[in-house]
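Comments concern the structure below.
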Amino acid sequence: MSEFKIEAGTAQHIGNQPQQNDRVALMTGARAPGYVLALLSDGLNSTSGAEQVLHTGKQVFDLYKGSDHADLPRMEQVLRDIVHEAHMVMCMNAIAAKTEAHASFVGLLISPHGEAVWAHVGDSRLYRFVSGECASRSGDGEYIDSLVADRLPIEAARNHRHSKLLINLLGNSRKEPFVTVGRHTDLAPGDSFLLCSDGLWHFFTDKELGAAVHRKAPRAASERLIEKAAERSQEKGGNCSMAIIKLVARETP
């Protein structure tokens, strides 16, 4: 048994938009006792892409058989399989619909053995906090490095005539999604994770997010963050979604 238990929750706000295109979920695996999967996806202009991410995520996770010891490569493969299969289905559906559905992806898989693996595509983010301080977060550094490795200068990317080729999203038939992966071991009480769409992180510093998650229970923290995001956007913000996962010490008998 791990030395921590998990407190978690999800929250959403439509912002100043006609509909909520984000999707977020916390899942347990049918064959993986003690494992928790958090998924968040921001659909571009529709809900279909984000809904496909969650649907595929459940299918893949339900097939995953948890190990009785640390197995980071298999955990990472679960997240890569979700990205690959959701992207493939979205591209196939686009042929029949004659229009593409795009979506970001951020996923976090936590084992009962004190390990976590995350994967990221697009502009949604994952943060890891240790006692309220930001220890790491997802970003586009590796993706930018890959473009430079392909001999595309950073300065040229924004105005490139084939800029659609550069969009790092699921469902983009012109380019396979570039997946950034992170691993964490020796998780302990006091560690926490935040998955969120750009409708949230755009309005906060890493320090502010860490403090909010650390000081309050997931539900109270999410309510406070949504309230402040609306205030700072002057009620003109986009869809705002998040999942908060906190590791807390087990009570001694």
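Each value in this text was obtained by applying a stated rule to the coordinates, not by laboratory testing. Quick caveat: nothing in here was measured; it's all calculated off a predicted structure. All Cβ positions, glycine included, derive from the backbone under ideal geometry; neighbour counts span all protein chains shown.
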Report task. List, in order, the whole-Hz ³J(HN,Hα) value for each residue of region 68-84 obtained from phi through the Karplus relation with A = 6.51, B = -1.76, C = 1.60 and θ = phi - 60°; use x for Gly and Pro. Result -> 8, 8, 4, 8, 4, x, 5, 5, 4, 5, 4, 5, 5, 5, 4, 4, 4
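Given the chain, what whole percent of its Cα pairs are spread farther than 35 Å?
Across the chain, Cα pairs with separations above 35 Å total 13 percent.
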**Report entry** Ascending count of other beta-carbon atoms within 10 Å, so fewest first, for Val248, Val89, Val179, Val121
**Finding:** Val248, Val89, Val179, Val121
Query raised in the report: If you wrap region 36-146's Cα atoms in a convex hull and average its projection over all directions, what's the area in nm²?
Result: 8.2 nm²
Report summary line: Given pairs Lys207/Lys228; Lys58/Lys228; Lys216/Lys246 and cut-off 20 Å on Cα-Cα distance, the over-length ones are Lys58/Lys228
Query raised in the report: Cα atoms only, region 202-253: Rg and Dmax in Å?
Result: 13.2, 49
Query raised in the report: Taking K and R as +1 and D and E as -1, what net charge do the other residues with C-beta under 14 Å from the C-beta of Lys65 add up to?
Result: -2
Report summary line: Low-density loop trypsin sites (Lys or Arg not before Pro), region 4-53, at most 12 other Cβ within 10 Å, DSSP non-H/G/I/E/B, are Arg31
Query raised in the report: Please state the relative contact order of the chain as a whole percent: Cα pairs under 8 Å, 6+ residues apart?
Result: 29 percent
